[in-house]
Amino acid sequence: MDMLIALSALPARPAAPAGFRLRKPIGPEHDLVAAWVARCFSPAWASEARAALANRPASLFVATCGEPAELRGFCGYDATARGFVGPIGVQGDARGQGLGAALLLACLHDMRATGYGYAVAGAVGAPGFFRRVAGAIDIPGSTPGLYAGLLRAPPAAP
Ligand SMILES: CC(C)(COP(=O)(O)OP(=O)(O)OC[C@H]1O[C@@H](n2cnc3c(N)ncnc32)[C@H](O)[C@@H]1OP(=O)(O)O)[C@@H](O)C(=O)NCCC(=O)NCCS
């Protein structure tokens with residue numbers, strides 16, 4: 001199910017939770033970000049992260065912590081398709097501290113500033129999170145939507 005988010009009624013962008021920093025990666029970091037997304041989430045999300053990083057300006061935020069900085073979360077938009085927000089992921093041990101909300105709202109405010117009126121969250125796996133953080137509503141009849149006939153990695157050879 002896809003979900004719709006009105007960008008005219010967003011909550012204010014929160015500060016990053018204590019100990020974390022939100023920002024857009026710069027060029028020399030792109031491969032590391034995509035590799036981390038593939039390792040922690042999936043190759044398909046890494047592909048979308050690369051698409052968002054290739055946009056100009058880049059349309060992906062990461063959350064880092066520590067020194068040297070380590071990745072803990074990411075969220076992109078205009079990655080699956082124009083006007084779509086996501087994918088979003090926060091590493092397991094960093095969840096439940098407001099990082100997902102900060103990343104999602106960073107992207108949504110960026111989309112609003114870019115000129116979008118609405119964002120679509122595609123094939124949502126955590127609908128309660130999108131409802132809670134951004135007031136997302138279900139889009140009836142949206143499955144499979146854009147994802148119909150999606151190419152999938154073939155099973156490994158025996
Ligand atoms: C979904 C995800 C990004 C949330 O990240 P997080 O950092 O734990 O989220 P936050 O701490 O910012 O939570 C913000 C609010 O959403 C709520 N929330 C978080 N995950 C939720 C979920 N799966 N369902 C319902 N509500 C959720 C929190 O309770 C919190 O509510 P509060 O403001 O009342 O305290 C994270 O769990 C994740 O990476 N999951 C795996 C990947 C995934 O499913 N991505 C989404 C695919 S569409």
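The values are calculated or read from the model by the stated rules, or taken from the named source; none is laboratory data. Nothing here was measured: the structure is a model prediction, and the numbers come from that model. Neighbour counts run over all protein chains shown; Cβ positions are idealised from the backbone, glycine included. Ligands, DNA and RNA are excluded from the accessible area calculation, which covers all protein heavy atoms including side chains. Shrake-Rupley method; radii C 1.70, N 1.55, O 1.52, S 1.80 Å.
Looking only at residues of segment 108-126 that are open to solvent by less than 60 Å² (accessible area, probe 1.4 Å) and in a strand (DSSP E or B), we find that the one that is nearest to R56 (Cα to Cα) is A119. In segment 59-76, which residues are open to solvent by 10 Å² or more (accessible area, probe 1.4 Å), outside any loop (DSSP other than H, G, I, E, B) and farther than 11 Å from P25 by Cβ? Matches in segment 59-76: C65, E70, R72.
Each row is one residue, and each column tells you yes or no for (1) among the small types (G, A, S); (2) near the ligand (Cβ under 10 Å from one of its atoms); (3) in a loop (DSSP other than H, G, I, E, B).
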residue: D93; (1), (2), (3): no, no, no
residue: A106; (1), (2), (3): yes, no, no
residue: G128; (1), (2), (3): yes, yes, no
residue: L146; (1), (2), (3): no, no, no
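If you check W45, W36 for being buried (at least 16 other Cβ atoms within 10 Å of the Cβ), in contact (Cβ under 8 Å) with a residue 24 or more places away in the chain, aromatic (F, W, Y) and over 20 Å from F129 (Cβ atoms), only one passes: W36. Quick check, is R56 touching a helix residue (DSSP H, G or I) at 6+ places or on another chain (Cβ under 8 Å), open to solvent by 50 Å² or more (accessible area, probe 1.4 Å), away from the ligand (no atom under 15 Å from the Cβ) and not hydroxyl-bearing (S, T, Y)? So R56 does not fit the description; no. Among residues of segment 58-73 that are of a type in the set (D, E), none has a Cβ under 7 angstrom from a residue that is within 13 Å of the ligand (Cβ to nearest atom) at a sequence gap of 6+ or on a separate chain. Would you confirm whether or not segment 103-120 contains a residue that is farther than 30 Å from G141 by Cβ and out of contact with any strand residue (DSSP E or B) (no Cβ under 6 Å at 6 or more places or on another chain)? Within segment 103-120, one or more residues are farther than 30 Å from G141 by Cβ and out of contact with any strand residue (DSSP E or B) (no Cβ under 6 Å at 6 or more places or on another chain).
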